[in-house]
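*Asks:* Below is the structure I would like to discuss, written out as structure tokens.
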């Protein structure tokens, strides 16, 4: 009798598991709560699908922080190179951008997803949409809520690829946490990752600079130091440079209630150079005009200085130069989980075996963002989702061969 596998979640992790398992002759059914699969995947590719990164392997795995040990074996099975080869196998080409990020030619997610779904359908994978998994029952059957009422499903193996807790409108709402804990899994609380942060802007600053980009600055926080840009929002700050440091900042806020980052507004100038320039007489020029003409500091950067530097410090060349090189900006709270690009927390690796099967629920595997790991944007998130789906799929094949 043909073995069966139920996969819950139609994102990259779930679909990759479906591909691996169906290729071995196992009947695969994919269930998703939304009207179509891959919604977050498509949204992630709206401004250009960043599939992976061209970093050397050691630099790549370092992006996974304190979960490097658990993610590294997955990437050795199916990492950036294998992901690119897989995309090419779907008939699409990829290229490396100037930042080292890897994109499909054309930049869009839709052609890739369409080609992938055709291949999965041709391999016999069946899709069941608008199926919301509500629990795993004591007999390890699956209970779904559908528009036609409750549905019970039995399968020889199960892959949970339910996503994290961000972007709930696309299906990743973290609703699985409570019932999966009740079923015996260890789950760390979900928290925002690759997220923005609140800043207590003055009304004047907020009104004038909301939406303005802050370019070519270095953000420092503890051992983190990186150059880039971010955006002023009504509530605070967001954008690539902030996202890169978000895990460290978030943890500091959770521990101490606030996190102060430091901005170098003139990363290509030395402190001594700034002091020398600022010590020159400005004559009849206003301080704003003097800063613009002498240092090129204007607009939102000048606004940041006025926001966080006292009037007395503005009149002292050495102190002002020090603030230009290390402007303290206090961040008071991460933005809500649902606004985050991704989430931290989830099913702990300690509760899984080496094949990503739950130790307390034999035959039930977990993959994707619902696992307890995080990484910065830049292709690292998607790569680990694909990689964990590949590993879970192979884990299912091993499990079914032994049962």
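The values are calculated or read from the model by the stated rules, or taken from the named source; none is laboratory data. Note that the structure is a prediction, hence the values are computed from the model and not measured. Using ideal geometry, Cβ is built from the backbone for each residue, glycine included, and neighbour counts are taken over all protein chains shown.
*Asks:* Restricting the stretch 39-58 to residues that are in a helix (DSSP H, G or I) and at pLDDT below 95, which is surrounded by the most Cβ atoms within 10 Å (Cβ to Cβ)?
*Replies:* So, considering only residues that are in a helix (DSSP H, G or I) and at pLDDT below 95, the one surrounded by the most Cβ atoms within 10 Å (Cβ to Cβ) is 40.
*Asks:* Name, by its number, the condition in (1) touching a residue at least 60 places away in the same chain (Cβ under 8 Å); (2) assigned to a loop (DSSP other than H, G, I, E, B); (3) surrounded by 14 or more Cβ atoms within 10 Å (Cβ to Cβ) that does not hold for residue 102.
*Replies:* (2)
*Asks:* Same structure, new question: Testing residue 216 on (1) more than 22 Å from the chain's Cα centre (by Cα); (2) within 18 Å of residue 308 (Cβ to Cβ); (3) touching a residue at least 12 places away in the same chain (Cβ under 8 Å), one condition comes back false. Which one is that?
*Replies:* Just one mismatch for residue 216, condition (2).
*Asks:* Looking at 117, 75 in this structure, which one is out of contact with any strand residue (DSSP E or B) (no Cβ under 7 Å at 6 or more places or on another chain), within 13 Å of residue 382 (Cβ to Cβ), in a helix (DSSP H, G or I) and modelled with pLDDT of 95 or more?
*Replies:* Exactly one residue qualifies, and that residue is 75.
*Asks:* For a quick check of your reading of the model, give me the residue pairs whose first member lies in the stretch 280-297 and is closer than 22 Å to residue 268 by Cβ, whose second is in a loop (DSSP other than H, G, I, E, B), with beta-carbon atoms closer than 6 Å and at least 6 apart or on different chains.
*Replies:* 290/282; 291/297; 292/298
*Asks:* If you don't mind, another one. So which residues in the stretch 116-151 are out of contact with any helix residue (DSSP H, G or I) (no Cβ under 9 Å at 6 or more places or on another chain) and closer than 16 Å to residue 37 by Cα?
*Replies:* Result: 118, 121, 126, 128, 129, 130, 131, 132, 146.
*Asks:* What number of residues in the stretch 298-315 are at pLDDT 90 or above and either more than 18 Å from residue 202 (Cβ to Cβ) or in a helix (DSSP H, G or I) (or both)?
*Replies:* 11
*Asks:* When you scan the stretch 255-275, do you find a residue that is buried (at least 20 other Cβ atoms within 10 Å of the Cβ) and assigned to a helix (DSSP H, G or I), even just one?
*Replies:* The answer is yes, given that some residue of the stretch 255-275 is buried (at least 20 other Cβ atoms within 10 Å of the Cβ) and assigned to a helix (DSSP H, G or I).
*Asks:* With respect to residue 217, determine if the residue is closer than 30 Å to residue 353 by Cβ and modelled with pLDDT of 95 or more.
*Replies:* no
*Asks:* Also, I was wondering about something else. Being in a loop (DSSP other than H, G, I, E, B) and touching a strand residue (DSSP E or B) at 6+ places or on another chain (Cβ under 6 Å) is the filter; apply it to the stretch 138-161 and report the residue that is modelled with the lowest pLDDT.
*Replies:* Looking at residues that are in a loop (DSSP other than H, G, I, E, B) and touching a strand residue (DSSP E or B) at 6+ places or on another chain (Cβ under 6 Å), I get 141.
*Asks:* From the list 237, 218, 242, which residue is in the same structural domain as residue 329 (by TED's automatic domain parsing), more than 23 Å from residue 296 (Cα to Cα) and not in a loop (DSSP other than H, G, I, E, B)?
*Replies:* Unique residue meeting the criteria: 242.
*Asks:* Which numbered condition trips up residue 91, out of (1) in a helix (DSSP H, G or I); (2) farther than 30 Å from residue 353 by Cβ?
*Replies:* Answer for residue 91: the failing condition is (1).
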